[in-house]
1. Tally Lys and Arg at +1 and Asp and Glu at -1 over the other residues with C-beta under 13 Å from the C-beta of GLY142: what net charge comes out?
2. Quote the Stokes-Einstein diffusion coefficient, in whole µm² s⁻¹, for the range 188-252, based on the Kirkwood radius over alpha carbon pairs, a temperature of 20 °C and a viscosity of 1.002 mPa s.
3. Across the range 115-121, in residue order, what do the Karplus-derived ³J(HN,Hα) couplings come to in whole Hz, using 6.51 cos²θ - 1.76 cosθ + 1.60 with θ = phi - 60° and x for Gly and Pro?
4. Could you give the size of the charge dipole of the range 168-233 about its Cα centre, using +1 on the Cβ of each K and R and -1 on the Cβ of each D and E, expressed in debye and rounded to the nearest 20?
5. Against the empirical 2.2 N^0.38 Å scaling, what ratio does the C-alpha Rg of the range 69-293 come to?
6. When the accessible area of the chain is computed with all protein chains present and a 1.4 Å probe, what percentage of it is carbon and sulfur?
7. Compute the signed sum of charges (Lys and Arg +1, Asp and Glu -1) over the other residues within less than 14 Å, Cβ to Cβ, of SER90.
8. Could you run the Karplus curve 6.51 cos²θ - 1.76 cosθ + 1.60 with θ = phi - 60° over the range 373-386 and give me ³J(HN,Hα) per residue in whole Hz, x for Gly and Pro?
Amino acid sequence: MHDEHKDPDVPTGPGKRHDFDRVIDRSATSSAKWNKYHSDVLPFWVADMDFAAPGFILDAIRERIDHGVLGYTETPPELIDAVLTWLSDSFGWEVSPLWLVWLPGVVPGFNLACRAAGSPGDSVMMSVPVYHPFLPAPGHGGRRSIEVPLILDGNEWVMDFDAMAAAASADTRLFMLCNPHNPTGRSYRLEELEALANFCLRRNMLICADEIHCGLLLDEHLQHLPIAALSKDIEAHTITLMAPTKSYNTPGLSCAFAVIPDARLRRRFIEARAGLLPGIGPLAYLAAQAAYQDESDWLPHLRHYLAGNRDLLEAHIARLPGVSMTHVEATYLAWLDVRALPVASVPQHFESHGIGLSDGNQFRGPGHMRFNFGCPRDTLIHGIARLEAAVSALGA
Ligand SMILES: Cc1ncc(COP(=O)(O)O)c(C=O)c1O
């Protein structure tokens, strides 16, 4: 560990409660992240972190395994209570248990939302770049996709309401929102969310809000705002998707939920799901329950550690010729602008220097790369050194 990068406020090191510095070898776990490349390439791509899940989640799973029988499982009432309390305490959002629809993932959730809104042939709008499974979702449901580029306003990616107004048509039934935003790391402010809600309500468009990263706001002055919680009218037009799996780093334990206050919309959503989705497994439910019942300081410490990683990455990128990044307000994903690098394929060039990032083209962000900094600081330091070597090899 490079001591100058240690964070005095975060307890680290062997035996400490939140050992985010511990490097865990994932090579024998069929990890999608670590299996993608040969062993010489450090992976900073897919959105899972290299940290162990918190002990209270692992204990809950262990206890269930010790019971021995892992049968089909109903949603535990304690989980429902925990989610409703968490929504109320965190966001002042009072949600009825009737509004919840449990899902084995957020990705199926926004695909179902596309099928629940309007009819085949209608259109669905989204901002790009965006988390890449958004892109084919309208088409999967027989809807047309309208992709409107975000624009860079100073250091912030913002929605382009003029372009959205020009692109919308009478058959545009749904806006797919990603907030906090993957891949730019934006946390949309109240005025932006209100402007989006007005835009949608005026056109009788529904909103599907993927808020899976809502627990990962890295700047203390920011607060996540579920768009549905802004007013009763917006609530009635919105499908909100949430999950504990990003905040608590359990993405392999698929468990998510939709909040759909409007009964008719909820029925359409549930009908679209019919027969297609598996139930949620007992371990995933229990992990989710432990997460939503969490009153420990694990998550604040994680956010603090991630903010330290972000600051380190930002400081290095600021000195790197040909590469820039916008400030990451939320998530553990940095969106790098590499358009100035004089090389035909930046992803290939980086990989040849031992660093695996996500290619921005995947997200409709050509000339950009996404860097997942959800890893121990030592791993990040190695990655940054490789990135710097790759850039300096270009003589940029
Ligand atoms: C914005 C966003 N939505 C959804 C997901 C995946 O959700 P799930 O694994 O619950 O399908 C991710 C994972 O990276 C994500 O970043």
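The values are calculated or read from the model by the stated rules, or taken from the named source; none is laboratory data. This one's a predicted model, so the numbers in the text were calculated from it and none came from an experiment. All Cβ positions, even for glycine, are placed from backbone atoms using ideal geometry, and neighbour counts span all protein chains on display. The accessibility values were calculated without ligands, DNA or RNA, using every heavy atom of the protein model including side chains. Shrake-Rupley method; radii C 1.70, N 1.55, O 1.52, S 1.80 Å.
1. That works out to +2.
2. The estimated diffusion coefficient comes to 168 µm²/s.
3. 6, 7, 9, x, 10, x, x
4. Roughly 260 debye, rounded to the nearest 20.
5. That ratio works out to 0.97.
6. Roughly 52 percent, rounded to a whole number.
7. Combined, the nearby Lys, Arg, Asp and Glu give -4.
8. So the J values, rounded to whole Hz, are 9, x, 7, x, 4, 4, 4, 4, 4, 5, x, 5, 4, 5.
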